[in-house]
């Protein structure tokens, strides 16, 4: 009898936690449905999205660490109060500084050639590396890599958009 009660309580807790995470994700995406810099759908890219809250109650939602790096550079006089990132697996927002980051690997990144993914726990990051390659990193290392890759990634994005416009004209 006690075992059933514990199982029921555990199931209810999991359901409640899942609903809370879903509500948090929906609130974030409702407030910032598309990336301010590239226009990408933040719900679709929930696994890479970033939410930056600055002192003074201002904030921004981006699709990726690439676009977050742009915002942090443009707003150099604002102090980030919190930076959250979508967990690669669950899409739940997690503290970017506490996340286990993976840089590189065979999976194409969002807005970048060299991927930068965040995981809530190190075991998920290690599993990802075994399957896709890459290396473990901190948030500071991932952000530094985003700045290092900025020129090449921006050039790649421009070329892709130019090709899409040309394809559109032909169709």
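The values are calculated or read from the model by the stated rules, or taken from the named source; none is laboratory data. All figures in this text were calculated on a predicted structure; none of them were measured in a lab. When we count neighbours, we look across all protein chains shown, and the Cβ atoms used for this are built from the backbone with ideal geometry, even at glycine.
Structure data summary
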read-out: Candidate set: the range 112-126, residues that are touching a strand residue (DSSP E or B) at 6+ places or on another chain (Cβ under 8 Å) and part of a loop (DSSP other than H, G, I, E, B); chosen: the one surrounded by the fewest Cβ atoms within 10 Å (Cβ to Cβ); value: 121
read-out: Enumeration of residues in the range 131-171 that are part of a loop (DSSP other than H, G, I, E, B) and exposed (fewer than 12 other Cβ atoms within 10 Å of the Cβ); value: 171
read-out: Verdict on residue 46 being touching a helix residue (DSSP H, G or I) at 6+ places or on another chain (Cβ under 8 Å), crowded, with 19+ Cβ neighbours inside 10 Å and either at pLDDT below 90 or assigned to a strand (DSSP E or B) (or both); value: no
read-out: Residues being in contact (Cβ under 8 Å) with a residue 60 or more places away in the chain and in contact with a helix residue (DSSP H, G or I) (Cβ under 7 Å, 6 or more places away or on another chain) - total across the range 60-89; value: 3
read-out: Qualifying positions in the range 54-74 - modelled with pLDDT of 95 or more and either surrounded by fewer than 16 Cβ atoms within 10 Å (Cβ to Cβ) or at positive phi (or both); value: 73, 74
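For (1) touching a residue at least 60 places away in the same chain (Cβ under 8 Å); (2) within 15 Å of residue 64 (Cα to Cα), each residue gets a yes or a no:
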residue	(1), (2)
94	no, yes
104	no, yes
111	yes, yes
115	no, yes
127	no, no
131	no, no
